[in-house]
Amino acid sequence: MQRLCAIALVISGCVSGTDGDLPTDDYHGNSAPTTIFTGPSATGSPFFASLGTNGRSCGSCHVADEGWTVTPTGIESRFDATNGTDPIFRTNDGSVSPNADVSSVSKRKTAYAMLLSKGLIRIGLPIPAGAEFTLAAVDDPYNFASATQLSLFRRPLPSTNLGFLSAIMWDGREPSLGNQAIDATLGHAQATGTQQSQMDAIVAFESSIFTAQALDPSAGRLDLSGGNGGPDELSDTSFYIGINDPIGKNPTGAPFNPNAFTLYDAWGRYPGNGAPGRARAAIYRGQQLFNTLPISITGVAGLNDVLGVTTLQGTCTTCHDTPNVGNHSVAMALNIGIADASRRTPDMPLYTLKNIATGATVQTTDPGKALITGKWADIGKFKGPILRGVGLRAPYFHNGSQPTLDDVVDFYDTRFGLGLSSQQHSDLVAFLEAL
Ligand code: HEC
Ligand code: HEC
């Protein structure tokens, strides 16, 4: 496979300050690129061109240096540089409501608060026709959401490592990357139409980029000294739908292996000396915890109910099973409770859904897959995203509710009663940071 390192690529046709900025690390020095390009050049790609009417490109919300999504720090500096007029700041889906007042800098700060604080875009989706439920009540702090358009505040998913996807979008609603590119151009960029050749070029570009953490401040290069981290190794990682599936969906019939991550096996044997050696040993221990720490999985819709088991004895890799990648290898949306009413923060809308057949009600900040299928059982279900490069793209979960990976580990510790020691906690974080 031919590889191009990202050395100070200059993008033509950039629509705004940060849109085309790519990692400029020196591959051969003490640092390493987090992204490699194995296909069409970024230069001149329609991925970075304004194809609609509001100045946005795909690159407005998918920035290489921010793990191919956007982070609050990057968004804030764009706000400051442009007084909140950079193309990411548009009311169709960048503000808390399409009716938000954006007539002054301070009003724009308020209007784009969700974007600035947590990097959240407002996805507007209706209750689908024929749904098993109705929208019984809406508590929207921004006075906009209704059954014809719920406001769902979601993190942009990374537009990289796409060859490993088993489902596209948090709720799996897009059937293909080609269709996704059309919908994104018509929706986010407010285009009036699309050109197939440009859509094809976008898909060819985004499908040939690979992103992973390449350097750890203490351990050093993650692809040296026996480590198999970094984007170059990732681009050689094999994948097919169902690989290493734990519930019998592997088409080869091969049994599930919970040791789904093997990137840092060598560091278990020879971590090396001094501070780098101690950091490598911690990353290895974190990998082994991710593979083997027993988790009693209960109350996860999409898993416990589907398998008919109250408690499933598993590990992190029961759900994050794709070897050395970390998403689920078949489309399997799960409800681990992120959108539960109990975790609602005051900046999020809260929806009360009522089951037409039973009269039961449930409250959620985002119905997830249920808005696509109309099924009651799918409320609150989201896909587990690819975990490579996860350290580059805080905050976490579909609603950006956890500011750091430390907070994510805290969430799991509480949600599943893991009782982690402080060393187990920091080892898990060290491993996640090294993905
Ligand atoms: C205004 C911000 C914005 C713009 C502009 C934008 N996206 Fe996205 N992108 C998002 C958000 C938000 C999501 C997740 C939405 C969801 O799942 O409901 C997403 C999801 C994706 C995904 C899904 C990845 C996965 O893991 O499922 C791909 C691929 C993608 N975008 C590519 C593109 C392309 C190609 C363009 C340009 C045509 C584009 N995006 C423009 C915000 C944006
Ligand atoms: C029962 C299935 C399940 C288990 C077990 C599980 N996860 Fe997850 N994980 C998910 C799902 C589903 C999501 C996405 C949830 C959402 O955003 O609504 C997720 C998201 C994440 C994310 C955030 C990714 C991002 O881009 O925002 C991280 C990090 C993560 N998991 C790490 C872990 C670790 C570490 C463990 C073990 C301690 C673990 N997971 C165990 C299902 C699981």
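Read the figures in this text as sums done on the coordinates, not as results from a lab. Fair warning: this is a prediction, and the values are worked out from it, not measured in the lab. Using ideal geometry, Cβ is built from the backbone for each residue, glycine included, and neighbour counts are taken over all protein chains shown.
What the table shows:
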read-out: Of 307, 165, 186, the one that fluctuates the most in a GNM where the chain has Cα springs shorter than 10 Å; value: 307
read-out: Top of 225, 329, 103 by mean-square fluctuation, Gaussian network on the chain, Cα under 10 Å; value: 103
read-out: Debye-sum result for the chain in log10 I(q)/I(0), which assumes one identical scatterer on each alpha carbon, at q = 0.12 Å⁻¹; value: -1.05
read-out: Charged-residue dipole, Cβ positions (Lys, Arg, Asp, Glu), the chain about Cα centre, Debye nearest 20; value: 480
read-out: Cβ-Cβ FRET estimate between residue 375 and residue 76, R0 fixed at 35 Å, reported to 0.05; value: 0.35
read-out: Where GluC sites (Glu not before Pro) fall in DSSP loop in the stretch 47-140, at most 15 other Cβ within 10 Å; value: none
read-out: Distance from the stretch 252-310 to the stretch 370-407 (C-alpha centre basis), Å; value: 20
read-out: Alpha-carbon centroids, the stretch 316-357 and the stretch 146-172: separation in whole Å; value: 12
read-out: Count of Lys pairs (Cα-Cα under 26 Å; at least 8 positions apart or interchain) in the chain; value: 16
read-out: Cα→Cβ-extended label distance, 7 Å offset, between residue 288 and residue 423, nm; value: 1.1
read-out: Label-zone membership for the stretch 233-248, site residue 262, 7 angstrom Cα→C-beta point, backbone N under 16 Å; value: 233-240, 243-245
read-out: Chain lengthening between residue 204 and residue 298 when straightened (0.36 nm per residue, less Cα-Cα); value: 29.8 nm
read-out: The stretch 192-217 and the stretch 44-87: distance between their alpha carbon centers, rounded to Å; value: 15
read-out: Neighbourhood net charge (14 Å Cβ-Cβ; Lys/Arg +1, Asp/Glu -1) for residue 420; value: -3
read-out: Net lengthening on full extension, residue 238/residue 221 (0.36 nm per residue, minus Cα-Cα); value: 3.9 nm
read-out: Values of log10 I(q)/I(0), in the order q = 0.08, 0.10, 0.12, 0.16 Å⁻¹, for the stretch 117-274 under a Debye, Cα-only, solvent-free model; value: -0.40, -0.61, -0.83, -1.13
read-out: Extension reserve of the residue 110-residue 129 stretch, reckoned as 0.36 nm per residue once the Cα distance is removed; value: 3.5 nm
read-out: Two-site FRET efficiency, residue 273 against residue 148, from Cβ-Cβ distance with R₀ of 60 Å, rounded to 0.05; value: 0.40
read-out: Separation in nanometres of the label points that stand 7 Å from Cα toward Cβ, at residue 190 and residue 53; value: 0.7
read-out: Positive-end residue, the chain charge dipole about Cα centroid, Cβ charges, pick of 145, 320, 361; value: 361
read-out: Helical segments meeting 24 Å axial Cα length and Kyte-Doolittle -1.0 threshold in the chain (DSSP H); value: 274-292
